Amino acid sequence: MSKKILVSLIAAMALLFVINRVEVMSGEHDKKNVKVSDSSTKKTTTATNVTKPVTKTKENSKETDFLNKVDLSLYELILVNERHAFSDEQLPEETGIIDSNYQVHADLVEPYNEMKKAAEEDGINLRVVSTYRSVSYQQQVYDQSIIDNKNAGMSDEEAKKETAEYVAEPGKSEHHTGLAIDLVDQPWLDAGKGLIPEFYDTKAGKWIDEHCADYGFIIRFPKGKESVTKINYEPWHIRFVGVENAKFIMANHLTLEEFVELVEKTQKEKN
Ligand SMILES: [Zn+2]
């Protein structure tokens, strides 16, 4: 009798054990499934929240601190584009000359000369192609182009359309600010290739891209950001924004438009 009970007990325990195992296994299996789906969806959240919180937060606060200190009212951060026109009255009086006879805003002279010297040490002879252009001069060029087109037999409308395609609209070029430089090197100038994106493939083109931020300049119209700037990639057009801003912009692959927006957003959130 007691033996029978014992056998039944053992059988019952064995059954319980098996059931338990199955549950545990299926439980593990479920967990595994969750983990698998985690890796594609939730993993990033976990990684950001748990694995790298310290560095991430530190970087973020460092970045926020920097952005909060940026002074968008400084002339060197002026935004001139399709939507933000420039007038000659906005031009500060201090000017200077670089590369023998190119007029720029005075703040650029020293950084440019330092950059030119550093490039020379790396065997590159930088040469300026274009700097400051006044809005009124651009207006003259623009108006004359329309007159020439009309003299060539075009209607008013046709003449304006033709001009708009080839001549920058007065007020909308960054060159009006005196903060922009079109820059190539002597061999490129000698080859007479003009201002084309292939300039980036040269030693000088790459050097400018890599080092300009150290002197306060950015590649103003970067590759892949055409939808933001509305201007094609221009590896030769650099724009002075100051060293700290330039380093931040270039390291984060931003355009000046995006940088200004980021600063505005950060400073708005702070207040
Ligand atoms: Zn330019």
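The values are calculated or read from the model by the stated rules, or taken from the named source; none is laboratory data. What you see is a predicted model, and the numbers here were worked out from it, not measured in a lab. In this analysis, Cβ positions are derived from the backbone assuming ideal geometry, glycine residues included, and neighbour counts consider all displayed protein chains. All accessible areas refer to the heavy atoms of the entire protein, side chains included, with ligands and DNA or RNA removed. Shrake-Rupley method; radii C 1.70, N 1.55, O 1.52, S 1.80 Å.
Per-structure values
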{"quantity": "Qualifying residues in region 59-83 (those that are open to solvent by 80 Å² or more (accessible area, probe 1.4 Å) and without any contact (Cβ under 8 Å) to a residue 24 or more places away in the chain) - the one nearest to residue 135 (Cα to Cα)", "calculated": "83"}
{"quantity": "Odd one out for residue 99 among (1) touching a residue at least 12 places away in the same chain (Cβ under 8 Å); (2) on the phi > 0 side of the Ramachandran plot; (3) open to solvent by 80 Å² or more (accessible area, probe 1.4 Å)", "calculated": "(3)"}
{"quantity": "Region 176-194, residues that are surrounded by fewer than 18 Cβ atoms within 10 Å (Cβ to Cβ), in contact with a strand residue (DSSP E or B) (Cβ under 6 Å, 6 or more places away or on another chain) and not in a strand (DSSP E or B)", "calculated": "186, 189"}
{"quantity": "Lone unmet requirement of (1) within 16 Å of the ligand (Cβ to nearest atom); (2) out of contact with any Gly (no Cβ under 7 Å at 6 or more places or on another chain); (3) among the aromatic types (Phe, Trp, Tyr) for residue 199", "calculated": "(2)"}
{"quantity": "Qualifying residue in region 242-254 (condition: open to solvent by 10 Å² or more (accessible area, probe 1.4 Å) and within 16 Å of the ligand (Cβ to nearest atom))", "calculated": "no"}
{"quantity": "Qualifying residues in region 142-168 (those that are loosely packed, with under 14 Cβ neighbours inside 10 Å and within 17 Å of residue 85 (Cβ to Cβ)) - the one farthest from the ligand (Cβ to nearest atom)", "calculated": "143"}
{"quantity": "Hits in region 228-238 (condition: in contact with an Asp or Glu (Cβ under 6 Å, 6 or more places away or on another chain) and either assigned to a helix (DSSP H, G or I) or open to solvent by less than 40 Å² (accessible area, probe 1.4 Å) (or both))", "calculated": "228, 236, 237"}
{"quantity": "Test: residue in region 132-140 that is without any contact (Cβ under 8 Å) to a residue 40 or more places away in the chain, open to solvent by 60 Å² or more (accessible area, probe 1.4 Å) and assigned to a loop (DSSP other than H, G, I, E, B)", "calculated": "no"}
{"quantity": "Those residues of region 208-218 which are open to solvent by 10 Å² or more (accessible area, probe 1.4 Å) and out of contact with any helix residue (DSSP H, G or I) (no Cβ under 6 Å at 6 or more places or on another chain), in sequence order", "calculated": "209, 210, 211, 214"}
